[in-house]
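Have a look at the structure below before the remarks.
The values are calculated or read from the model by the stated rules, or taken from the named source; none is laboratory data. The structure presented is a predicted model; accordingly, all values stated were derived computationally and were not measured. Positions of Cβ are backbone-derived with ideal geometry, glycine not excepted, and every protein chain shown enters the neighbour counts.
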């Protein structure tokens, strides 16, 4: 699972296996916390994340939604996703 971005101790990853389960999502890691977050509405589908870090991730998703959806399409075709600029 390649890392597509890292910021403020948060690692964002996306599987690039053909037909990864929908809906389009990212895997976020922060210390011992893990969460699966939908790209379309920033909803946590699975796991937990501290509130501050979740808000940072959601803001980053909002800013980079189009790039994330393009990466999702690449992943669905078995191609490696591009890295995306971190939150600054």
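Here are a few things to note about the model shown:
- Residue within the stretch 43-66 that is part of a loop (DSSP other than H, G, I, E, B) and on the phi > 0 side of the Ramachandran plot present: no
- Every residue from the stretch 71-88 that is over 16 Å from residue 13 (Cβ atoms) and either surrounded by 14 or more Cβ atoms within 10 Å (Cβ to Cβ) or free of Cβ contacts under 8 Å to residues at least 40 places away in the same chain (or both): 73
- Filter result (surrounded by 12 or more Cβ atoms within 10 Å (Cβ to Cβ), in contact with a strand residue (DSSP E or B) (Cβ under 7 Å, 6 or more places away or on another chain) and under 16 Å from residue 24 (Cβ atoms)) within the stretch 44-59: 44, 57
- For the stretch 6-33, a residue qualifies if it is without any contact (Cβ under 8 Å) to a residue 60 or more places away in the chain and more than 11 Å from the chain's Cα centre (by Cα), and the qualifying residues are 9, 19, 20, 21, 22, 23, 30, 31, 32, 33.
- When the residues of the stretch 71-88 are filtered to those that are assigned to a helix (DSSP H, G or I) and more than 13 Å from residue 26 (Cβ to Cβ), the one that is modelled with the lowest pLDDT is 76.
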